[in-house]
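Each remark here refers to the structure printed beneath this line.
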Amino acid sequence: MKILMVSHHGCIRVLKESLALKARGHQVHLAMYKPSLSYGFDGYDSVQVWFDADPGKRAALFEKIIRRSEADVIHVHNEPDDMVWMARQATSKPIVYDVHDLMSMRAEREPDDNERRAFEAADGIVHVSEPCCLEAERLHGNGKPTVILPPLMNERFIGPKSVHGSWAASWTSLVYEGGLSSTPGHLRDMRPVVEAAMAQGFNAYLFAANGDDEDYTYEALGACVMRRLPYPTMLAGLRACAWGFVGSAESNPLMEAANPNKLYEYISQGVIPVCLHANNAAKLCEQWGIGIRLTGLDDLEEQLAPNPAMRQRALELRHELTMERHIEALEQLYEEVV
């Protein structure tokens, strides 16, 4: 089958799915707004971009790529949501909508016009978690073929068998990778987490997914901040840490329901997930027998006491949580909508 992945920035979820699909013999092509250098392009048979210095030309370039595609399925990844209904205007081919973030949950508001039109335009839906799926169906109905596909890792990205060497020194290390904000109350405002961890004797390491202004803010707190890195390099850096933070300092509906990439990235490198205001991720960790559900940011030394057996469980579990083992669900969705 020929698949056209459509993504604004070609994020890691797109690459994970594409690598697994290619391993099953499918052709996978990528259309993106502009290249992202962090993830590379070896997971695609071709790459096209619709960037133009003239903003007025970008929509026409996007529609031209969709219209001329020879793919059997157009697989559109949000955000933003408008790419889904714009693709529908350009083609009659089946469209699969991959809902990375349900924006109405993230912003704690009613669905906007772009979100409603995206669900209307799609022939099939992919969600990252069951809670996100249930909320989307409550808002938009459940009459279309739907699958839940977590952001699992590819075998090629799993760390070596012995990832830490001398492990004892890193039990006081807490890592977070992802977007950062310095806006109080924002779901990516990690300053309370960093401040609490450092005040209780932990070192904080941040692999930032956004710009330098936020990096400087966190460096001023004493955190070690690494700028955007090639994906395999970032994964290797995680291995120096014992604990990987998942969630937010304050509760947010999307974060509570999400199934984030970082959960699987930590486990793939033998790092133990630490969940706060991330209820779905914490429940998954409890099912797997790994990870810590924090009761808050106090008493971290007690909550994050050394646990070599849990680390060993992470090393054993990571080969089960791969995209290659679960990609058949997406293939079945494609077959259903074609």
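Okay, residues lined up against (1) within 21 Å of Gly178 (Cα to Cα); (2) in the same structural domain as Val96 (by TED's automatic domain parsing); (3) touching a Lys or Arg at 6+ places or on another chain (Cβ under 8 Å):
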| position | (1), (2), (3) |
| --- | --- |
| Ser248 | yes, no, yes |
| Glu256 | yes, no, no |
| Ala282 | yes, no, yes |
| Glu286 | no, no, yes |
| Gly289 | no, no, yes |
| Gln303 | no, no, no |
| Met310 | no, no, no |
Which of (1) assigned by TED's automatic domain parsing to the domain that holds Pro308; (2) of a type outside the set (Phe, Trp, Tyr); (3) surrounded by fewer than 20 Cβ atoms within 10 Å (Cβ to Cβ); (4) under 30 Å from Asp299 (Cβ atoms) is the odd one out, the single condition Glu108 does not satisfy? (1)
Go through the stretch 16-74 and count every residue that is farther than 18 Å from Val337 by Cβ, of a type outside the set (Ser, Thr, Tyr) and assigned to a loop (DSSP other than H, G, I, E, B). 14
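Could you list, in sequence order, all residues of the stretch 321-338 that are within 21 Å of the chain's Cα centre (by Cα) and farther than 15 Å from Pro273 by Cβ?
Step one: filter the stretch 321-338 for residues within 21 Å of the chain's Cα centre (by Cα), giving 321-331, 333.
Passing the criteria: Thr322, Met323, Glu324, Arg325, His326, Ile327, Glu328, Ala329, Leu330, Glu331, Leu333.
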Residue by residue through the stretch 124-146, note down the ones that are surrounded by fewer than 18 Cβ atoms within 10 Å (Cβ to Cβ) and among the aliphatic types (A, V, I, L, M). Leu134, Leu139
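Check the stretch 152-162 and report whether any residue there is over 27 Å from Glu328 (Cα atoms) and either in contact (Cβ under 8 Å) with a residue 24 or more places away in the chain or among the hydroxyl-bearing types (Ser, Thr, Tyr) (or both).
Yes, because at least one residue in the stretch 152-162 is over 27 Å from Glu328 (Cα atoms) and either in contact (Cβ under 8 Å) with a residue 24 or more places away in the chain or among the hydroxyl-bearing types (Ser, Thr, Tyr) (or both).
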How many of the residues making up the stretch 280-325 are farther than 15 Å from Glu265 by Cα and not in a helix (DSSP H, G or I)? 13
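Applying the selection to the stretch 4-15, what residues are over 17 Å from Ile158 (Cα atoms) and either of a type in the set (D, E, K, R) or not in a strand (DSSP E or B) (or both)?
Scanning the stretch 4-15 gives His8, His9, Gly10, Cys11, Val14.
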What's the number of the only condition in (1) assigned to a helix (DSSP H, G or I); (2) crowded, with 21+ Cβ neighbours inside 10 Å that Ala236 fails to meet? (2)
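The values are calculated or read from the model by the stated rules, or taken from the named source; none is laboratory data. Note that the structure is predicted; figures quoted are calculated from it, not measured. Glycine gets a Cβ as well: all are built from the backbone with ideal geometry, and neighbour counts include every protein chain shown.
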